[in-house]
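Step one of this worksheet: look at the structure below.
The values are calculated or read from the model by the stated rules, or taken from the named source; none is laboratory data. Being a predicted model, the structure only gives us computed values, none of them experimental. Note: ideal-geometry Cβ built from the backbone for every residue, glycine included; neighbour counts use all protein chains shown. For the accessible areas, the whole protein counts, side chains as well, though only heavy atoms, and no ligand, DNA or RNA atoms are used. Shrake-Rupley method; radii C 1.70, N 1.55, O 1.52, S 1.80 Å.
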Amino acid sequence: MKNLFKTSLLIFISILLFSCDNDDGMADNQNVCTYEGLTFFDGTTQTLIPESQLTTELFLNGSGNGIPEIEVYETTNPGNIWLLTKAVTANSSDGGTLGLGNTNYTVAVTCQRSGTAVGEEFRFDVVTANGLEGELCVVLDAIIP
């Protein structure tokens, strides 16, 4: 019974500390990243990937259609964790795909902060169709023409 209580309390505190609900104008972390990297809670498992393990690339020509896209992926295992979206300017929203392990989510992405040079920060709020929410606070590693 004590272990169940401790586990429940730990999950509650983790959700509270890494809450990604920062798009309502009221959250403490509206302008500051709570966690540098990826946070995502799928209802069962909290995923935390530090920014140092992620690569962020801005493709100016997107998929060859002239529309910029950004891709964020796990550096050592690119197919394991990744995000692809066209929401690349501050306060823009667009669709995208978030891959976590063997699960791909169609997501709505809001770009809350965008950089224009290598080394500048991008910040994305990511929401799945069934309301699961994640956040990415990443540094732009490359700009590809």
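Considering only residues that are part of a loop (DSSP other than H, G, I, E, B) and touching a Gly at 6+ places or on another chain (Cβ under 7 Å), look in the stretch 40-85 and name the one that is farthest from Tyr105 (Cα to Cα).
Taking the stretch 40-85 first, the residues part of a loop (DSSP other than H, G, I, E, B) are 42-45, 60-68, 75-80.
When the remaining residues are screened for being touching a Gly at 6+ places or on another chain (Cβ under 7 Å), the result is 68, 80.
Working: Pro68: 21, Asn80: 13 Å.
Within the stretch 40-85, the match that is farthest from Tyr105 (Cα to Cα) is Pro68.
Looking at this structure, is Gly95 farther than 19 Å from Gln53 by Cβ, open to solvent by less than 40 Å² (accessible area, probe 1.4 Å) and assigned to a strand (DSSP E or B)?
Here the answer is yes, as Gly95 does meet what is asked.
Among the numbered conditions (1) over 22 Å from Phe41 (Cβ atoms); (2) in contact (Cβ under 8 Å) with a residue 12 or more places away in the chain; (3) over 11 Å from the mean Cα position of the chain (by Cα), tell me where Thr116 comes up short.
For Thr116, the exception is condition (2).
Return the residue satisfying two criteria in turn: it lies in the stretch 113-130 and is part of a strand (DSSP E or B) and open to solvent by 40 Å² or more (accessible area, probe 1.4 Å), and of such residues it is nearest to Pro145 (Cα to Cα).
Looking at the filtered set, the residue picked out is Glu121.
Does Thr75 meet the test of being in contact (Cβ under 8 Å) with a residue 12 or more places away in the chain, open to solvent by 60 Å² or more (accessible area, probe 1.4 Å) and under 15 Å from the mean Cα position of the chain (by Cα)?
When the stated conditions are applied, Thr75 passes them.
Are any residues in the stretch 40-67 buried (at least 17 other Cβ atoms within 10 Å of the Cβ) and out of contact with any strand residue (DSSP E or B) (no Cβ under 6 Å at 6 or more places or on another chain), and if so, which ones?
Within the stretch 40-67, just Phe41 meets the criteria.
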